[in-house]
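Trainee: So that we are looking at the same thing, I have put the structure below in structure tokens.
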Ligand code: GLY
């Protein structure tokens, strides 16, 4: 029997064509941001009582599940609050953002993960951008130095996870996202080692992670002595040779960001190659929200991943700003469809429900049966970012 939420998404996404499709985008964006503020204000109140913890998802009973700051998603809810402060200029939201951001500070010394870009740049990075808070500089620079310790010169990559059987030096496509912190640290400090590490990682990843059609493996593992590739596999995807949806979105976002930061044509070419692969993929559904894996078993009855859709939308909006007119329009058209879908009842929660998260229907790791068809902080973060980016690129705001 089909999972109930899959049936609901299918029915509601058809209904989008008769409601959200005709609504002006500025209205959809303003309503979505107002809803996001409502949800995140309530979530911030709940989190006040949970010292040192950060929101993560909900459990089967619908109750909020939290994490400590060491979990890779810790920076997203502070980051969402910063984006909502940017939009609303509401001092209460700013105070909540400051409070939640401070809970992530100790991760600046964490040399045991590659996720420091996610954790620190989404939280402190946005806080610095919006407030100029001087103390955030040291936190971000310390974090960038910690991340740099994971660079393996013989491999030419930052190591993602610890060694395990068959994987001496695993590097996952997601790691492209952490390079933004290093690019910031280079510009702030003038220390070219940050720049060299970021570019070497991005270049090695183009060579080793991508297939000729611009799809990406999830995990590439290297021999730590020779630097040779020892495995190309998956951890969160359907199969080693499949295209895990969020990984494709991370790649798209990562190379778009690297083009923004460096102006190097090869990163723009890579981003456009990935975008074109995803947009023309026969398994991208009509509402443009990917299944959790483009090769998931059981399509069209497979789970969607709203997080992959939100990350892709945000990346496509930025990429459209670098593209020639024809591609620009294509990228914006897909991103608009994704925003309309995510802002519809098929994916957007009812007020006060969904653990006060914004979006429903994301997938953390289906093979691990972990966080399947649930809200996730990063789906919300990149959805809010996409809303703000769309608003800006369309001139709805300066
Ligand atoms: N970086 C982990 C994930 O995308 O699930």
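Derivation of every value follows stated rules applied to the coordinates shown; laboratory data play no part. All of these numbers come straight from a predicted model, not from anything done at the bench. Glycine gets a Cβ as well: all are built from the backbone with ideal geometry, and neighbour counts include every protein chain shown.
Trainee: With n ≥ 4 as the cut-off for DSSP H runs, can you work out [θ] at 222 nm for the chain, using -39500 (n - 2.57) per run divided by the number of residues, rounded to the nearest 500?
Mentor: Per the formula, -16000 deg cm²/dmol.
Trainee: Going 7 Å from the Cα of residue 279 toward and past its Cβ, which residues in the stretch 326-352 have a backbone nitrogen under 11 Å from where you end up?
Mentor: Residues 326-336 fall inside that zone.
Trainee: Could you let me know the centre-to-centre spacing of the stretch 210-247 and the stretch 137-207, using Cα atoms, in angstrom?
Mentor: Answer, in whole Å: 17.
Trainee: Can you list, bin by bin at 10 Å, the percent of alpha carbon pairs in the stretch 56-107, starting at 0?
Mentor: Going from the shortest bin to the longest, the percentages are 25, 44, 28, 2.
Trainee: If the stretch 93-241 were replaced by its equivalent ellipsoid, with semi-axes equal to the square roots of 5 times the Cα gyration tensor eigenvalues, what would those be, largest first, whole Å?
Mentor: Over the Cα atoms of the stretch 93-241, the semi-axes work out to 30, 16, 14 Å.
Trainee: How much space per residue, in cubic angstrom, does the convex hull of the C-alpha atoms of the stretch 107-174 take up?
Mentor: 83 Å³
Trainee: Which whole-number percent of Cα pairs in the stretch 330-398 have a distance greater than 21 Å?
Mentor: Above the 21 Å cut-off, the stretch 330-398 has 33 percent of its Cα pairs.
Trainee: Let me ask something else about it. Suppose we look only past 17 Å in the calculated P(r) of the stretch 313-357. What percent of the Cα-Cα pairs does that tail hold?
Mentor: 44 percent
Trainee: For a quick check, take a GNM of the chain with Cα springs below 10 Å and name the residue from 133, 180, 241 with the largest mean-square fluctuation.
Mentor: 133
Trainee: Just subtract the alpha-carbon distance of residue 350 and residue 239 from 0.36 nm times their residue separation and send over the number in nm, one decimal.
Mentor: Computed gain between residue 350 and residue 239 is 36.5 nm.
Trainee: Among 178, 110, 356, whose mean-square fluctuation peaks in a Gaussian network model of the chain (Cα, cutoff 10 Å)?
Mentor: 110
Trainee: Would you mind calculating the gained length between residue 149 and residue 91 on full extension (0.36 nm times residue separation, minus the Cα-Cα distance), in nm to one decimal?
Mentor: 17.2 nm
Trainee: Once the Cα gyration tensor of the stretch 65-151 is found, what semi-axes does its equivalent ellipsoid get, as square roots of 5 times the eigenvalues, in whole Å, sorted largest first?
Mentor: 22, 14, 9
Trainee: Same structure again: Gaussian network model of the chain, Cα springs within a sub-10 Å range: biggest mean-square fluctuation belongs to which of 369, 288, 232?
Mentor: With Cα springs under 10 Å in the chain, the top fluctuation among 369, 288, 232 is at 369.
Trainee: Also, quick follow-up: Residues of the stretch 355-398 with amide nitrogen under 20 Å from the 7 Å Cα-to-Cβ point of residue 30?
Mentor: Residues passing the 20 Å test: 384-398.
Trainee: Now for a different question. Using label points projected 7 Å from each Cα along Cα→Cβ, tell me how many nm separate residue 392 and residue 61, to one decimal.
Mentor: Result for the modelled spin labels: 4.2 nm.
Trainee: Provide the gained length on full extension for the span residue 229 to residue 135, in nm with one decimal, where the gain is 0.36 nm per separating residue minus the Cα-Cα distance.
Mentor: Working it through step by step, the gained length comes to 29.8 nm.
Trainee: Now, a different point. Is the chain best put as rounded, prolate or oblate by its Cα gyration tensor, with a ≥ b ≥ c the root eigenvalues, rounded for a/c under 1.5, and otherwise prolate when a/b is larger than b/c, oblate when not?
Mentor: Rounded, because the longest to shortest axis ratio a/c is under 1.5.
Trainee: Principal axes first, then extents: for the Cα atoms of the stretch 162-246, list largest minus smallest coordinate on each axis, whole Å, largest first.
Mentor: 41, 30, 22
Trainee: Once you order the gyration tensor axes a ≥ b ≥ c over the Cα atoms, which shape class does the stretch 275-398 get: rounded for a/c under 1.5, otherwise prolate or oblate by comparing a/b with b/c?
Mentor: Oblate.
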